[in-house]
Amino acid sequence: MLAVPHAHAAAQSGEGAPSGAQTPNPQKGPSGLPLPRFVSLKSDRINVRAGPGQDHKVAWIFAKAGLPVEIIAEYENWRRVRDSEGAEGWIFHSLLSGRRTAIIAPWSDQETIALRRNPGENGGLAALVEPKVLVDLNECDGTWCRVTVRKVSGWIAQDMLWGVYPKETVN
């Protein structure tokens with residue numbers, strides 16, 4: 001489990017907007033950046049609060065840097081985020097990064113999922129990865145994404161990732 005004391009797999013930050021993002025109901029937050037948007041956690045220990053401010057209790061703690069989260073609201077310097085399991089809470093903006101990451105099919109019960117050498121089902125096998133693996137998101141064309149995990153790069157169908165919107169392009 002990645003969160004302490006509760007298990008929450010992914011988180012995102014709000015300081016970098018995805019380029020070319022096509023998000024559901026796109027609008028701009030008070031920061032001027034799109035809402036919703038995906039970001040990632042900057043450090044290995046991040047308090048997630050019940051409300052926007054240090055006077056609100058810590059609901060849980062993220063314990064892994066790089067996890068993607070979706071920013072769904074902003075209040076001053078606080079960002080309301082949602083993780084891959086659907087849990088929501090508030091994180092101070094400076095603890096989030098615009099670096100794009102994703103989690104491979106956290107909903108899947110498959111043992112492995114193919115990373116392809118090239119985009120497409122016939123793109124040749126680059127590697128087999130397990131669901132719930134954290135990957136760096138290098139680029140997405142709206143259908144396929146190039147990701148990197150442990151120095152191995154490959155392409156995966158965009159709908160097999162949590163941390164990127166359907167049809168979103170990422171450069």
Taking segment 12-58 and keeping residues at pLDDT below 50 and of a type in the set (A, V, I, L, M) leaves Ala17, Ala21
Of the residues that sit in segment 130-171 and are of a type in the set (S, T, N, Q) and touching a residue at least 60 places away in the same chain (Cβ under 8 Å), which one is nearest to Glu85 (Cα to Cα)?
Thr169
Need the failing condition index for Ser108 against (1) out of contact with any strand residue (DSSP E or B) (no Cβ under 9 Å at 6 or more places or on another chain); (2) without any contact (Cβ under 8 Å) to a residue 40 or more places away in the chain, just the number.
(2)
Residue by residue through segment 39-78, note down the ones that are outside any loop (DSSP other than H, G, I, E, B), open to solvent by 10 Å² or more (accessible area, probe 1.4 Å) and of a type outside the set (A, V, I, L, M).
Asn47, Arg49, Trp60, Glu70, Glu74, Tyr75, Trp78
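The values are calculated or read from the model by the stated rules, or taken from the named source; none is laboratory data. Quick caveat: nothing in here was measured; it's all calculated off a predicted structure. Note that we place each Cβ from the backbone using ideal geometry, even for glycine, and neighbour counts take in every protein chain shown. Ligands, DNA and RNA are stripped out before the accessible areas are found, and what is left, the full protein with its side chains, is counted by its heavy atoms. Shrake-Rupley method; radii C 1.70, N 1.55, O 1.52, S 1.80 Å.
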